[in-house]
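Since the structure comes first, as structure tokens, the remarks are kept for the end.
The values are calculated or read from the model by the stated rules, or taken from the named source; none is laboratory data. Not measured: the values here are computed from a predicted model. As a convention, Cβ positions derive from the backbone with ideal geometry for all residues, glycine included, and neighbour counts pool all protein chains shown.
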Amino acid sequence: MIETTIRNHAAQAINVLYSANVAPEHVIIQKTRKDFEGDFTINIFPFLKISREKPDVTAEKIGNYLLEQVPELENFNIIKGFLNIVVGDSFWTGFLSEKYRDKMFGKQEKSSGRPVVIEFSSPNTNKPLHLGHIRNNLIGWSVAEILKANGNVVMKVNLVNDRGIHICKSMLAWEKWFRDTSPDSANTKGDKLVGECYVRFDQELKKEVAVLIEGGMSKDDAEKSAPLMAEAQEMLQKWEDNDTSVRELWSTMNAWVYQGFDLTYDRLGIAFDKVYYESDTYLLGKQIVQEGLKMGVLFQEEDGSIWADMTGDGLDKKILQRADGTSVYMTQDIGTAQLRYDEYQPQKLLYVVGNEQNYHFDVLKLILDKLGRKWAEDIVHVSYGMVELPHGKMKSREGTVVDADELMDDMYQTAESMAVELGKADDLNKDEASQLFEMISLGALKYFILRVDPKKNMLFNPEESIDFNGHTGPFIQYTHARIQSLLKKAGSRELKPGDGIFTGDVHAKEKEIIKLLYSYPEVIKEAASQYSPSAVAAFVYDLAREYNQFYQEISILREEDPAKAVFRLSLSYFTASVINSAMELLGIHVPEKM
RNA sequence: GGUCGCGUAGCUCAAUUGGAUAGAGCAGCAGCCUUCUAAGCUGCCGGUUGUGGGUUCGACUCCCGCCGCGAUCACCA
């Protein structure tokens, strides 16, 4: 890494010139901004206290020292305390010819270290996947792929919330109003059918509640004492008591849901190494709670409920076990965390969960820490922001939920009509065409979501379909297809990328692209440390945009100097390969033509 | 009310984590296809970074106050 070399020598320069003791990591080096000449820039200001000189004087001295010590450097200039360093063309062309064929470029060797376990998706079985889940799934998948590229062993896991009062509501609704209806008979996806049951329950419950309120009952009491609610509670009790018929219905309906989920996951390109079911794990944690009670870390109320008191840490009290001995979410999470730790001895436990649960994870980590689990500090909540609609959050009651399947369908339609309009589908058969539309529409959707910093809330407007032009997935896919077409055409003229080191003049645009390619490994490292696909998304867009400018401005196949043509083909080949690689990290495929 | 987060161009997002003249796309306007894919390229327009102070060589970034928005503070998950 040439930056490291420059950084080290710059630190050395200061130490030698001013007999100081500056560590290399204190040298601020960055890519030179486009409007200035140079490749890397060192900020001189931090060293003025040491040198006690004017910025330009110190910069000059360091610049000269670097030129002497680092043979790859060609020149430097100084502007207002910034030392801009020019790396010689031969360094860049050498890099290109050495790496352009390397399909693994940018990725680290797989380490043999302990794995990273990443949980994401975590759906409920009472409603279909929606846009919020899509963001979760895409972030989870991409972060996992980025970590793999960074050399980590990664386990993708899902924890399905398949039990609880909400499932009983759906089951009850099915028994009452959907008997004899199955996904097959209704010709619908299983998750959609169960979702319908859930909605129906809610509607019927509201009616009952309204009647009770009219009879003079308070809203709270009405909701508690509505007959439907009591029935649901009763069913939950039966479920916990292993009642055969309840369990049977539960299995059947969950199976429907999973069939539906699988279709959605497949289409999204999401898969897991392991799926946990809450029905298997919900009792875990109770034992640890007992342990905590003995340790004196937790305390018990007179009614028998068990609590964690974190008022000393600036947080509140938190219940871990109800008076009747049943466990709550927090207890389950303590249990599953322990389970995962025992199973994998992971170096990190990642949870891709919305930022509405920030507090929950603070509490989880603190309790585990109090319970003496040193690995609590290895728990990372990859917290992502909400997807908002123009009028606020998605609300199922108001019917503003953006359904995952419908969204993908809509995107497909848009991709198709746009392709037809542009005449892109003319020489494709039906299969090829539909594959292409699917690839492009998913590329648009995924890129739209992943280009935003996960931590931030983002806005989705269902009225305006997601763009296919400009800063979008299809733009990047198009660039890849364009290059493939170019390479094909070159092949038919017996031209192809070559290994020889190009020694002619390098055009500014060409150099710009090479520099971007050169930074790819660093981009992956950064994205991995920040758990941020958006860093990769920004990079690959820059690369595509830069390439398109180059493509427009400079002829490749029409170039008369064969050495130049070959050089540009190598550059193109490498660009396509890195575009493909980076897009795969986002879970997006790129076409050969479009 | 307590805690946490957010506020950047008309709109959607960036800004290498304290560095140079705050950048892209969309929308709007004006151009570029008999020549490697026009889902592309070029140019123009667009900003007191919510607001008032502070810290310093230097602030969108850090600190304090205010305004606005959101999340959370469940014996839901």
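Every residue, every condition in (1) of a type outside the set (Val, Ile, Thr); (2) free of Cβ contacts under 8 Å to residues at least 60 places away in the same chain; (3) more than 27 Å from A:Val275 (Cβ to Cβ); (4) part of a helix (DSSP H, G or I), yes or no:
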site	(1), (2), (3), (4)
A:Ile167	no, no, no, yes
A:Leu172	yes, no, no, yes
A:Leu193	yes, no, no, yes
A:Leu205	yes, yes, yes, yes
A:Met229	yes, yes, yes, yes
A:Ala232	yes, no, no, yes
A:Met235	yes, no, no, yes
A:Lys238	yes, yes, no, yes
A:Phe261	yes, no, no, yes
Looking only at helices (runs of 4 or more DSSP H) that lie completely in the stretch A:1-113, which have at least 2 residues being charged (D, E, K, R)? A:2-18, A:55-69, A:89-99
Tally time: how many residues in the stretch A:445-463 are under 21 Å from A:Asp405 (Cβ atoms) and within 8 Å of RNA strand B (Cβ to nearest atom)? 4
Within the group A:Ile167, A:Ile134, which residue is touching a Ser or Thr at 6+ places or on another chain (Cβ under 7 Å), β-branched (Val, Ile, Thr) and buried (at least 18 other Cβ atoms within 10 Å of the Cβ)? A:Ile167
Across the stretch A:464-475, the tally of residues that are more than 24 Å from A:Val352 (Cβ to Cβ) and either surrounded by fewer than 18 Cβ atoms within 10 Å (Cβ to Cβ) or more than 8 Å from RNA strand B (Cβ to nearest atom) (or both) stands at 6
Tell me, please, whether a residue that is among the hydroxyl-bearing types (Ser, Thr, Tyr), touching a residue at least 24 places away in the same chain (Cβ under 8 Å) and crowded, with 17+ Cβ neighbours inside 10 Å can be found in the stretch A:482-492. no
Can you say whether A:Phe105 is modelled with pLDDT of 95 or more, touching a Phe, Trp or Tyr at 6+ places or on another chain (Cβ under 7 Å) and not assigned by TED's automatic domain parsing to the domain that holds A:Asp410, as far as the supplied structure shows? yes
A:Val86 passes all but one of the listed conditions (1) of a type in the set (A, V, I, L, M, F, W, C); (2) free of Cβ contacts under 8 Å to residues at least 60 places away in the same chain; (3) crowded, with 22+ Cβ neighbours inside 10 Å; (4) closer than 30 Å to A:Lys511 by Cα; the exception is number (3)
Being in contact with a helix residue (DSSP H, G or I) (Cβ under 6 Å, 6 or more places away or on another chain) and of a type in the set (D, E, K, R) is the filter here; which residues of the stretch A:361-404 pass it? A:Lys365, A:Asp369
For the stretch A:325-362: of the residues being under 29 Å from A:Met386 (Cβ atoms) and among the hydroxyl-bearing types (Ser, Thr, Tyr), which is surrounded by the fewest Cβ atoms within 10 Å (Cβ to Cβ)? A:Tyr359
Need pairs with beta-carbon distance below 7 Å; first residue more than 20 Å from A:Leu428 (Cα to Cα) and within the stretch A:404-418, second part of a helix (DSSP H, G or I) and of a type in the set (D, E, K, R); sequence gap 6+ or separate chains. A:Met408/A:Arg267
Tell me yes or no: at least one residue of the stretch A:515-535 is under 24 Å from A:Leu495 (Cα atoms) and in the same structural domain as A:Thr472 (by TED's automatic domain parsing). yes
So, A:Ser19, is that one surrounded by fewer than 17 Cβ atoms within 10 Å (Cβ to Cβ), closer than 21 Å to A:Pro521 by Cβ and small (Gly, Ala, Ser) or not? no
Please pick out the residue among A:Asp184, A:Asp180 that is assigned by TED's automatic domain parsing to the domain that holds A:Leu263, more than 20 Å from A:Gln357 (Cα to Cα) and at pLDDT below 95. A:Asp180
Please determine whether any residue of the stretch A:419-435 is modelled with pLDDT of 95 or more, more than 9 Å from RNA strand B (Cβ to nearest atom) and under 27 Å from the mean Cα position of the chain (by Cα). yes
